[in-house]
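Structure, as structure tokens:
The values are calculated or read from the model by the stated rules, or taken from the named source; none is laboratory data. It should be emphasised that the depicted structure is a prediction, and the values quoted were computed from it without experimental measurement. Counting neighbours? That spans all protein chains shown, and the Cβs are built from the backbone with ideal geometry, glycine included. Ligands, DNA and RNA are excluded from the accessible area calculation, which covers all protein heavy atoms including side chains. Shrake-Rupley method; radii C 1.70, N 1.55, O 1.52, S 1.80 Å.
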Amino acid sequence: MNKKLLFLLPLLGLTACGDRQIKMLVPTGAPAVAFYNHSLDDNFFTNSVPTNIVSKMTSNSEFDAIVVDTTSGIKAIKNGANFKIAATITFGNFFLAGTGNDVNKTLDYTDSVALFGPINGIPTLLFDYIYDISKFTNIIRVDAVTDAKRILDTKKMIDNTPVDYVFIAQPALFASLKSNTDAYVYDNFQTKYKEKSGDSMITQASLFLKNNVQRDKAEFFLNSLEEDINNAVSNPNLIKEGMDKIEDKALASQIYGVSSDVAKAVTAQNNGMGLGFKRAIDIKNDIDLFITILGMEATDEEIYYK
């Protein structure tokens with residue numbers, strides 16, 4: 001597991017005084033891109049492994065705001081995490097990609113499929129909802145989307161075992177399609193989910209606030225993030241401008257899990273990142289439908305930030 005991003009020395013610089021005391025932990029990839037305006041915030045941290053992030057949702061967590069897949073965050077609250085769900089910020093950027101190894105290019109139950117994240121995370125649960133995972137005989141599990149990207153890039157595991165299909169998210173998919181010219185998009189999970197659920201939203205990644213965050217700071221932080229995300233969807237150039245404030249481009253790509261050029265390009269492709277901002281309490285019905293489809297019970301209103 002790659003934990004080093006979590007323990008990077010804080011970057012120099014401060015954001016607006018209203019939210020600089022909000023300490024954030026965010027997954028690399030699309031959720032991190034939503035925080036493009038925090039590139040020089042010394043309280044902004046990322047990590048590429050979902051289980052590492054969920055493990056920080058504790059009663060004595062040093063983080064005030066944590067972004068993680070919605071199901072894992074809600075489960076953490078039910079297990080005693082001192083957090084409330086405040087907003088959903090990504091609404092689906094999942095795809096099943098073929099590596100080029102499958103000769104007939106048709107997903108069969110004997111084909112090897114790589115899934116990233118914990119066994120109870122959204123990728124596995126969503127794959128199960130669409131395809132029925134119990135019928136597949138060769139499921140491969142990897143820790144993070146960065147591992148999924150490596151497989152799609154190379155068509156194989158580290159031990160050279162070939163892989164047929166990879167569950168992957170944007171922006172990793174965009175980069176892999178350029179690295180592996182044999183790779184292709186097999187299915188769009190957003191489309192599949194809408195077809196099966198009756199046009200509902202995938203409430204993919206959500207922001208959870210620690211219960212003791214002062215309300216004025218929480219509101220400033222949430223309102224600023226909403227404005228940033230809406231502006232970025234309308235003008236993807238802002239993403240590049242924000243991320244490029246980090247002069248070391250390699251470091252920026254490591255922190256965000258994607259280069260500023262790719263982040264801009266994917267967002268410009270019909271909001272390929274699936275970015276958005278909805279207060280969680282306002283879309284409780286969508287969240288409940290999503291998590292019950294994925295095998296969880298509907299939420300109690302008490303777990304929501306209001």
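Couple of notes before you dig in:
- Per-region count, the range 259-274, residues open to solvent by 10 Å² or more (accessible area, probe 1.4 Å) and hydrophobic (A, V, I, L, M, F, W, C): 3
- The range 106-127 - residue that is free of Cβ contacts under 8 Å to residues at least 24 places away in the same chain and closer than 16 Å to Tyr186 by Cα and, of those, surrounded by the most Cβ atoms within 10 Å (Cβ to Cβ): Asp108
- Verdict on Asp261 being farther than 12 Å from Ile89 by Cα and not in a helix (DSSP H, G or I): no
- Of the helices (runs of 4 or more DSSP H) lying entirely inside the range 131-206, those carrying at least 3 residues that are loosely packed, with under 15 Cβ neighbours inside 10 Å are 189-197.
- In the range 2-50, of all residues being among the charged types (D, E, K, R) and over 23 Å from Asn231 (Cβ atoms), the one that is modelled with the lowest pLDDT corresponds to Lys3.
- Any pair with Cβ under 6 angstrom, 6 or more apart, that starts in the range 58-70 at a residue that is without any contact (Cβ under 8 Å) to a residue 40 or more places away in the chain and open to solvent by 30 Å² or more (accessible area, probe 1.4 Å) and ends at one that is of a type outside the set (Val, Ile, Thr) and part of a loop (DSSP other than H, G, I, E, B): Ser59/Asn82
- Which numbered condition Asn230 fails, given (1) in a strand (DSSP E or B); (2) open to solvent by 40 Å² or more (accessible area, probe 1.4 Å): (1)
- Sole exception among (1) farther than 24 Å from Ile168 by Cβ; (2) in a helix (DSSP H, G or I); (3) in contact (Cβ under 8 Å) with a residue 40 or more places away in the chain for Lys284, by number: (3)
- Being assigned to a helix (DSSP H, G or I) and either without any contact (Cβ under 8 Å) to a residue 40 or more places away in the chain or within 21 Å of the chain's Cα centre (by Cα) (or both) is a property that does not hold for Glu247.
- For the residues Ala252, Ala265, the requirement of being touching an Asp or Glu at 6+ places or on another chain (Cβ under 9 Å) and small (Gly, Ala, Ser) singles out Ala252.
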